[in-house]
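Taking it in order: structure first as structure tokens, then the write-up.
The values are calculated or read from the model by the stated rules, or taken from the named source; none is laboratory data. Values in this document were obtained by computation on a predicted structure and should not be read as measured data. Cβ placement follows ideal geometry from the backbone for every residue including glycine, while neighbour counts extend to all protein chains displayed.
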Amino acid sequence: MDLAFELLKQTLLVLLDVLSLAFLLCSILSWIDPMRQWRISAFLVMLTEPLILPIRKLCYKYHWFEGTPLDMPFMIAFLLLLVLQTLISLL
């Protein structure tokens with residue numbers, strides 16, 4: 001039982017690492033390819049946007065961060081991902 005839990009934990013941490021890397025690459029590529037014409041850019045957006053979309057909808061609904069030039073829902077989603085990763089690693 002202990003081995004199965006540890007295996008599940010490590011698998012989740014690897015998946016969260018891959019997702020964190022996808023977030024970072026997506027943010028870097030948004031400067032280089034802002035129109036998302038490259039396949040890798042489109043793939044990374046397809047991978048990360050379902051996690052950002054609920055936060056984006058919530059922010060737009062309540063007009064949070066309306067005048068900021070930064071993509072705050074993206075940053076919040078990335079921060080929540082890092083917090084989740086930290087909490088799982090502490091188990």
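Contact map, the stretch 33-51: first residue closer than 18 Å to Val18 by Cβ and without any contact (Cβ under 8 Å) to a residue 24 or more places away in the chain, second residue crowded, with 16+ Cβ neighbours inside 10 Å and of a type in the set (D, E, K, R), Cβ cut-off under 9 Å, separation 6 or more or different chains; pairs are Ala42/Arg36; Leu44/Arg36; Val45/Arg36; Glu49/Arg56. Among all residues of the stretch 59-71, there is none that is among the hydrophobic types (A, V, I, L, M, F, W, C) and either under 30 Å from Lys9 (Cα atoms) or touching a Gly at 6+ places or on another chain (Cβ under 9 Å) (or both). Exactly one residue out of Leu58, Leu44, Leu24 is touching a helix residue (DSSP H, G or I) at 6+ places or on another chain (Cβ under 6 Å) and surrounded by 11 or more Cβ atoms within 10 Å (Cβ to Cβ): that is Leu44. Of all residues in the stretch 61-78, those being surrounded by 12 or more Cβ atoms within 10 Å (Cβ to Cβ) and of a type in the set (D, E, K, R) number 1. Here is a list of conditions, (1) within 10 Å of the chain's Cα centre (by Cα); (2) over 14 Å from Leu81 (Cβ atoms), and Met46 meets all of them except one; can you say which number that is? Among (1) within 10 Å of the chain's Cα centre (by Cα); (2) over 14 Å from Leu81 (Cβ atoms), Met46 violates only (1). Is it true that Leu81 is over 19 Å from Ser20 (Cα atoms), surrounded by 11 or more Cβ atoms within 10 Å (Cβ to Cβ) and modelled with pLDDT of 95 or more? Answer is no for this residue.
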